[in-house]
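Down below is the structure, laid out as structure tokens.
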């Protein structure tokens with residue numbers, strides 16, 4: 001009996017303590033924990049994706065970070081431009097042209113051990129400013145170069161259905177070029193020199209680039225049999241949207257840029273015509289006029305369309321750098337690699 005009474009008393013005592021604890025918890029105010037600051041509507045609640053901080057907006061061309069998903073189906077990282085999140089960012093993307101010579105506009109806080117810095121440069125070595133002090137500062141390179149850690153390039157994509165027939169757009173013009181036409185007759189540079197020689201032998205329909213945007217851009221190119229895909233700088237791997245435009249539009253690009261072999265690293269050799277394949281502009285003009293009369297030979301330049309397609313790139317100014325930034329997001333969401341380039345200027349010259 002005595003033992004049973006002691007057990008009962010102990011049980012009542014423990015139950016009483018439990019009731020008092022519950023009453024205290026209900027009556028006590030919830031602890032006030034301040035959440036870390038976030039950029040409005042930019043930082044999601046997901047924690048399984050790395051955070052990438054855009055330190056500068058390139059040329060101040062801003063776009064909605066959700067465009068990575070809507071335009072390119074890329075949703076592999078969380079993008080933000082809120083610098084207060086620096087200490088939490090797994091990656092910091094820095095646009096080279098925005099860096100001040102004294103580095104005063106770069107982060108001054110110590111870099112977390114887990115953080116990678118991405119050097120973003122879309123310029124060639126001839127138009128990239130040399131900035132002392134950035135040696136061994138970055139862990140990843142983002143550029144047009146094939147040997148970059150992250151390549152910025154519009155690539156052909158494989159078709160899901162190879163039996164889908166390619167329909168050639170209606171052609172109203174033979175040869176076209178979309179370019180800033182001011183001083184076309186006097187501007188220096190290889191592409192302008194070649195153009196002035198070419199028009200002595202064949203007509204080129206020129207469209208002002210500022211007035212050809214969006215769907216009009218692709219419709220204009222698609223109305224031409226051939227298009228002058230002349231790069232403004234001739235450097236290895238420097239093959240830009242001016243090449244992607246006609247491929248995506250159903251037009252044959254006439255390319256002036258790096259050697260043919262370099263183009264063939266990224267596209268079929270039978271999908272374009274290189275100016276270097278001809279001794280002079282007259283020979284090229286004669287070849288184009290011959291192809292204009294030989295539809296069977298002309299259509300062979302689209303054989304690659306049986307298995308691949310080219311995706312249209314955004315043409316509005318605000319998305320000028322969106323593809324590159326989104327490609328970086330894709331990379332950091334998949335890979336954890338890093339490297340240090342001791343001298344970025346020397347690397348550009350390789």
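Would you mind checking the tilt of helix 281-293 against the longest principal axis of the Cα atoms of the chain, expressed as 0 to 90 degrees and rounded to 10? That helix lies at roughly 90 degrees to the long axis. Relative to the longest principal axis of the Cα atoms of the chain, helix 322-334 runs at roughly 50 degrees. Annotation: for a label point projected 7 angstrom from Cα along Cα→Cβ of residue 295, residues of region 213-236 with backbone N closer than 19 Å are 222-226. Sorting the Cα pairs of region 157-312 by distance into bins of 5 Å, from 0 upward, gives 2, 9, 19, 23, 22, 16, 7, 2, 1, 0 percent per bin. Rounded to 0.05, the FRET efficiency of the residue 201 and residue 135 pair, given R0 = 56 Å and the Cβ-Cβ distance, is 0.70. Placing a label point 7 Å from the Cα of residue 183 along the Cα-to-Cβ direction, the residues of region 211-247 with a backbone N closer than 20 Å are 211, 230-234.
Distance between the C-alpha centers of region 47-120 and region 161-214? Whole Å please. Distance between centres, Cα-based: 36 Å. Among 241, 231, 132, the largest mean-square fluctuation in a Gaussian network model of the chain (Cα springs under 10 Å) belongs to 132. Pairs of Cα atoms nearer than 8 Å and 6+ residues apart set the relative contact order; for the chain it is 20 percent. Between 70, 80, 108, the Gaussian network model of the chain with springs among Cα atoms under 10 angstrom shows the greatest mean-square fluctuation at 108.
Hey, what's the Cα Rg ratio for the chain versus the globular rule of thumb, 2.2 N^0.38 Å?
On the way: Rg = 29.1 Å, N = 350, 2.2 N^0.38 = 20.4 Å.
Against the empirical 2.2 N^0.38 Å value, I get 1.43 for the chain.
With R₀ set to 41 Å, the beta-carbon distance separating residue 57 from residue 190 gives a calculated FRET efficiency near 0.80.
Taking 89, 285, 322 in turn, the Gaussian network model of the chain (Cα-Cα springs below 10 Å) assigns the largest fluctuation to 285.
Percent antiparallel among DSSP beta bridges with both residues in the chain, to the nearest 5?
Here the share of antiparallel DSSP bridges comes out near 5 percent.
Could you pull out which residues in region 65-86 have an amide N less than 19 Å from a spot 7 Å beyond the Cα of residue 105, following the Cα-Cβ vector? Of the residues in region 65-86, 80-86 have backbone N under 19 Å from the label point off residue 105.
Residue separation times 0.36 nm, minus the C-alpha to C-alpha distance between residue 219 and residue 49: what's the value?
Once the chain is fully extended between residue 219 and residue 49, it gains 57.4 nm.
Would you calculate a helix-derived [θ] at 222 nm for the chain, using -39,500 (n - 2.57) for each DSSP H run of n ≥ 4 and dividing by the full residue count, to the nearest 500?
On the way: 10 runs with 100 residues, N = 350.
Result for the chain, helices only: -8500 deg cm²/dmol.
If the chain linking residue 347 and residue 157 were pulled fully straight, counting 0.36 nm for each residue of separation and taking away their Cα-Cα distance, it would gain 65.5 nm.
Between residue 87 and residue 266, take the C-beta separation as r, use R0 = 41 Å, and let me know the FRET efficiency to the nearest 0.05. Show your work: numbers first, answer last.
Working: r = 39 Å, r/R0 = 0.95.
Here the calculated transfer efficiency is 0.60.
Only the coordinates and a few stated rules stand behind these numbers; no lab work does. These numbers were taken from a predicted model, which means no experiment stands behind them. Because the Cβ atoms are built from the backbone with ideal geometry, glycine has one as well, and the counts that use them run over all protein chains shown.
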